[in-house]
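Presented below is the structure to which this report refers.
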4 protein chains.
Amino acid sequence: MESRTNSSQIEVLTIEFRQFVDSRDWGQFHSPRNLVLALVGEVGELAAEFQWTDDVEVPGMLADDGFRKSVGSELADVFGYLLRLADVLQIDLADELRKKIAINEVRYPADKSRGSSDKYTSYE
Amino acid sequence: MESRTNSSQIEVLTIEFRQFVDSRDWGQFHSPRNLVLALVGEVGELAAEFQWTDDVEVPGMLADDGFRKSVGSELADVFGYLLRLADVLQIDLADELRKKIAINEVRYPADKSRGSSDKYTSYE
Amino acid sequence: MESRTNSSQIEVLTIEFRQFVDSRDWGQFHSPRNLVLALVGEVGELAAEFQWTDDVEVPGMLADDGFRKSVGSELADVFGYLLRLADVLQIDLADELRKKIAINEVRYPADKSRGSSDKYTSYE
Amino acid sequence: MESRTNSSQIEVLTIEFRQFVDSRDWGQFHSPRNLVLALVGEVGELAAEFQWTDDVEVPGMLADDGFRKSVGSELADVFGYLLRLADVLQIDLADELRKKIAINEVRYPADKSRGSSDKYTSYE
């Protein structure tokens, strides 16, 4: 990893996925709208893993290796297209997430929002 | 950050988001199915950013700071709930993505899949 | 309604929505992919209505007029874009649904599938 | 159809799907949140049909019988779960859609909104 001391983990993963794509000449298919649709498809597969159960049964299901493997595989697909979309759009995911957390620190003061799922607009 | 020298960037972001959640006692709302539904909601907002345009106009729109900011904000929301879901499920996103890329290296040999958007099942 | 005796309810609703669209010259925005993205956005809003609760609380929430109204409004949005997409694609929703039910009658024989959420591929 | 003169087409389709479900004792799986997740899964499959193409190619693809059949099948799945969700929630889809169109007739006056994809909030 010495040669990557200036690259973050997200950048490294982004580059690994980009190389996989480029070696197959698939960049031509990766327009922003196509990647959004692909992301939607993968989120749909993730949702389907949880569709015919209920909240109470999920913890038990997660003890099953087959279910964990399926869910992990779907999370990988979602993560992959999210990284790829950010790559194509030249948007820094880590930076955007930190900005969003900072905004929400202000929108949702800990003392007002504690234990409440209300939207911030309800106490602004 | 010295005490985190062994933590990856994704772990650090996960911990930052977890602390934001815990300081508001919001962990009670973050069941796996709830986080999946929240992720779906955010992906829906991302899709909506691209709904009334067309492929040709998107590159021009991305030169607009307001549009880029909106898209970056939606990507942050998707990324945040994805990290949070992986945290709750104790699934390693980076590890899962690398496993998936390795699987797809085999499913899609570069010479067979080059320039084709066909699903791997079509040439297995 | 006398002049519409040969039109089904779905055709009538489709025409009502089409007239709303045409009187605003919005057909230019209603390409298939745009309508799919719009449908995704509305399904995301529907999912968000159910995100910070749990299965046990939902029946009680549905007794609340405000919640019912919000959910009904989101269902209308999903239904509207689904009708509009079928209209643009010239696909008969009622016919397609009946064909799908007929397929599933065969895939899921009542005696084999009773009380089971397994996918048909598990007992074919 | 004489015996159904008081049932709308949507009611008839809803009852047909309900009978399919009840004869398999699947109602136990059809909680509102489960049906929302199932709807998300099907919308994901619909989105995936349009993911590796572009706006210009779609009309040509729609001339292909195989593609039309796949898209029709996905629309049927989305429509089915939407009807089923409305059935379980006891929400009248046609009534909700008409209410929504009426609201949008006011929100989007034809003269102000003609040819514009701006959200109504921009000219209220």
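So what does the Cα-only Debye profile of segment A:36-82 read at q = 0.15, 0.18 Å⁻¹, as log10 I(q)/I(0), no solvent term?
-0.40, -0.55
Which value in deg cm²/dmol, rounded to the nearest 500, describes the helix-derived mean residue ellipticity at 222 nm for chain D, given -39,500 (n - 2.57) per DSSP H run of n ≥ 4 and division by the residue count?
-20500 deg cm²/dmol
Which of the three applies to segment C:2-61, rounded, prolate or oblate, going by the alpha-carbon gyration tensor with a ≥ b ≥ c and a/c under 1.5 meaning rounded?
Numbers: a/c = 3.69, a/b = 1.64, b/c = 2.24.
Oblate, since a/c reaches 1.5 and b/c is not below a/b.
What is the mean number of Cβ atoms from other protein chains located within 10 Å of the Cβ atom of each residue in peptide A:80-93, rounded to a whole number?
That average works out to 4.
If Lys and Arg each add +1 and Asp and Glu each add -1, what is the summed charge of the other residues whose beta carbon sits under 11 Å from the beta carbon of D:G72?
-3
Take the solvent-accessible surface of the protein heavy atoms, probe 1.4 Å, and return the percent of it on chain D that carbon and sulfur atoms account for.
46 percent
Using the 7 Å Cα-to-Cβ label point, sort the distances from D:G27 to its equivalents in the other copies shortest first and give them in nm to one decimal.
4.0, 4.4, 5.7
Rank B:L75, B:L97, B:L89 by mean-square fluctuation in a GNM of chain B with C-alpha springs under 10 angstrom and give only the top-ranked residue.
B:L97
What does the C-alpha gyration tensor say about the overall shape of the protein assembly as shown? Classify as rounded when a/c is under 1.5, otherwise prolate if a/b is larger than b/c, or oblate.
Rounded.
For q values of 0.16, 0.17, 0.22 Å⁻¹, compute log₁₀ I(q)/I(0) with the Debye formula on a Cα-only model of chain B, without solvent.
-1.06, -1.09, -1.15
Within a 10 angstrom radius of each residue's Cβ in A:67-74, how many Cβ atoms of other chains show up on average? Whole number is fine.
So the per-residue partner count for this stretch is 4.
At 7 angstrom along the Cα-to-beta-carbon line, where would the label on A:Y120 sit relative to the other copies? Give the distances in nm, shortest first.
When each copy's label point is compared with this one, the spacings are 2.6, 4.1, 4.7 nm.
Check which residues have an amide H placed less than 5 Å from A:W26's amide H, if you skip close sequence neighbours.
When sequence neighbours closer than 5 places are left aside, the close amide H contacts are B:G115.
Calculate one ³J(HN,Hα) per residue across segment B:19-33 by plugging θ = phi - 60° into the Karplus curve 6.51 cos²θ - 1.76 cosθ + 1.60, and present them in order as whole Hz with x for glycine and proline.
Whole-Hz 3J(HN,Hα) from phi for segment B:19-33: 5, 4, 5, 5, 5, 10, 6, 9, x, 4, 8, 9, 6, x, 5.
Only four residue types carry charge here, +1 at the Cβ of Lys and Arg and -1 at the Cβ of Asp and Glu. Report the dipole size of chain D about the Cα centre in Debye, rounded to the nearest 20.
440 debye
If you count only protein heavy atoms and use a 1.4 Å probe, how large is the accessible surface of B:W26, to the nearest 10 Å²?
Number for this one is 30 Å².
Applying 1/(1 + (r/R0)^6) with R0 = 56 Å to the Cβ-Cβ distance of D:D118 and B:S122, what FRET efficiency is obtained, to the nearest 0.05?
After rounding, the FRET efficiency stands at 0.85.
Could you tell me the total accessible area buried at the B-A interface, probe 1.4 Å, in square angstrom to the nearest hundred? If you can, show how the numbers build up before the last one.
Working: alone 9500 and 9560 Å², together 13470 Å².
The summed interface area works out to 5600 Å².
Hey, what's the protein assembly as shown come to in accessible area per residue, 1.4 Å probe, Å²?
With all protein chains present, the protein assembly as shown gives 48 Å² per residue.
Within 10 Å of each Cβ in peptide B:94-105, how many partner chain Cβ atoms are there on average? Round it to a whole number, please.
Average per residue, whole number: 6.
Going by a ≥ b ≥ c, the root eigenvalues of the Cα gyration tensor, does segment B:57-115 fall in the rounded group (a/c under 1.5), the prolate group (a/b larger than b/c) or the oblate group?
It comes out oblate by the Cα gyration axes.
Can you name the residue in chain B whose Cβ lies closest to the B-to-C rotation axis, and give that gap in whole Å?
Residue plus distance in Å, as requested: B:G44, 1.
The values are calculated or read from the model by the stated rules, or taken from the named source; none is laboratory data. All values reported here derive from a predicted model rather than from experimental measurement. Note that we place each Cβ from the backbone using ideal geometry, even for glycine, and neighbour counts take in every protein chain shown. Each accessible area value is taken on the protein alone, full model and side chains, heavy atoms only, with ligands, DNA and RNA left out. Shrake-Rupley method; radii C 1.70, N 1.55, O 1.52, S 1.80 Å.
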